[in-house]
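For reference, the structure is listed below as structure tokens.
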Amino acid sequence: MGWDIGCGSSRMDAANDATRSFTTGTTRVELIKRVFRGNVCYSLHRITTPEGVVVMAGVTLLRRFREGWGFKAMGEDDGPHYFGLPAGWLAELTYARTSYSREWRERVARVDSLRREQGLTLAAATRFMLQEVEAQR
């Protein structure tokens, strides 16, 4: 997965491009909400197809390049290693389609728990959770 870079684009331009609502064929993807944690944008999207409606999480990395700001967008099915989605949003997601989604959601919940219970920063809670996962292997 590469980076999409807009010449002269701002950070907000890149975030808007990555999380915009759009329609393609019979599929509609709608941004429900998003939040920024540093240069990571977490978002919820409603995807409507003839088969039904699902709500999925997205993780967008934002980075400044010489040419302008760029983004790398991932869905929860991609198994991103960023876990700062507000845990309260997990209840809004529909079923997890893949094992990557299920695992990612569990890790988001664990990181949130560590942050609340132990007062850890997002980075420290993520490191701790990943050490727990590695120790279980």
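Each value in this text was obtained by applying a stated rule to the coordinates, not by laboratory testing. In this text the structure is predicted, and so the values were computed from the model without any measurement. Heads up, the Cβs are rebuilt from the backbone with ideal geometry, glycines too, and the neighbour counts pull from every protein chain shown.
In a reduced charge model with +1 at each Lys and Arg Cβ and -1 at each Asp and Glu Cβ, region 4-136 shows a dipole moment near 360 debye about its Cα centre.
By the combined test of axial Cα extent (at least 18 Å) and Kyte-Doolittle hydropathy (mean at least -1.0), the qualifying DSSP H helices of the chain come to 122-136. Between the C-alpha center of region 92-134 and that of region 1-78 there is a gap of 21 Å. For region 4-136, the Cα-based Rg and Dmax, in that order, read 15.7, 47 Å. The slack between ASP17 and GLU117, meaning 0.36 nm per residue of separation minus the straight C-alpha distance, is 32.4 nm. On full extension, the segment bounded by PHE65 and ILE5 gains 20.8 nm, given 0.36 nm per residue less the C-alpha separation.
Full extension of the chain segment joining ALA91 with THR48 gains 13.6 nm, where the gain is 0.36 nm per residue of separation less the Cα-Cα distance. Close amide H partners of SER9, meaning residues 5 or more places away or on another chain with modelled amide H under 5 Å apart, are TRP69. A simple count of charges around ARG102, restricted to other residues whose Cβ falls under 14 Å of its Cβ and scoring Lys, Arg +1 and Asp, Glu -1, yields -1.
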